[in-house]
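Notes follow the structure.
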Amino acid sequence: MDSAVTIRPARLEELDVAGNLRASMAEEEGLRWDHDSPGWRARYVEFFRRKQRLGDAQLFYAQHEERIVGMAAFSVLDEYRAAAFGQPRGWVNSVFVIAEFRRRGIARELMRAGIEWMRRRGCIMARLRTSDEGERLYETLGFVRGREMELRL
Ligand SMILES: CC(C)(COP(=O)(O)OP(=O)(O)OC[C@H]1O[C@@H](n2cnc3c(N)ncnc32)[C@H](O)[C@@H]1OP(=O)(O)O)[C@@H](O)C(=O)NCCC(=O)NCCS
């Protein structure tokens with residue numbers, strides 16, 4: 001990876017940055033969240049802040065000089081298997097690297113850091129929904145298609 005970039009856990013007091021990066025990601029996806037859901041950024045940040053405070057989530061940042069140029073969010077799913085068998089699953093959200101820093105291995109290192117965090121947190125599986133762009137990245141990390149199905153309601 002680019003040696004000028006550092007991968008590190010995000011601190012609770014700097015999660016607003018994640019809201020802004022998630023907004024850039026949404027814009028790139030053609031989503032109009034600021035228009036359609038005013039206030040979503042604060043709710044997004046509060047969701048992860050609460051979980052991270054409890055030890056049930058961790059965001060990682062990629063930092064270049066003073067600037068955060070990438071992020072990924074990792075959380076522990078609240079489901080019965082975690083409670084009944086002590087076998088939590090992890091969920092990956094908001095994997096994003098700003099355009100001019102792409103294809104330097106930053107997302108891969110963010111993912112590696114988050115996978116290690118989920119492992120230490122006791123997770124036995126990591127899941128995510130991929131974009132077309134992310135698919136190859138996740139495959140190279142060992143992600144495979146599982147047996148999940150979904151129904152839009
Ligand atoms: C997907 C994304 C996070 C990848 O970030 P990145 O830092 O450029 O990824 P990396 O440099 O770590 O790439 C690692 C590997 O993933 C694959 N990969 C990454 N971007 C790819 C692309 N656009 N097309 C095909 N393969 C790609 C390659 O195998 C790459 O290795 P290589 O460069 O040695 O060939 C970035 O393009 C992005 O932010 N896209 C918009 C948001 C998004 O789609 N996020 C994923 C949501 S699930």
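Values quoted throughout were computed directly from the atomic coordinates according to the rules given, and no laboratory measurement underlies them. Note that this is a predicted model, so its numbers are computed, not measured. Cβ placement follows ideal geometry from the backbone for every residue including glycine, while neighbour counts extend to all protein chains displayed.
Worth pointing out:
- Order by protection proxy (mean Cβ within 10 Å, highest first), peptides 122-133, 49-60: 49-60, 122-133
- Share of pairwise Cα separations in the range 26-92, more than 15 Å, in percent: 67
- Where the alpha-carbon atoms of the chain are placed on the principal axes, they occupy 43, 37, 31 Å, in descending order.
- When both the range 15-65 and the range 88-134 are represented by their alpha-carbon centers, they are found 15 Å apart.
- Using θ = phi - 60° in the Karplus curve 6.51 cos²θ - 1.76 cosθ + 1.60, the 3J(HN,Hα) couplings for the range 70-82 round to x, 7, 7, 10, 10, 9, 9, 6, 8, 8, 5, 4, 5 Hz; x is entered for Gly and Pro.
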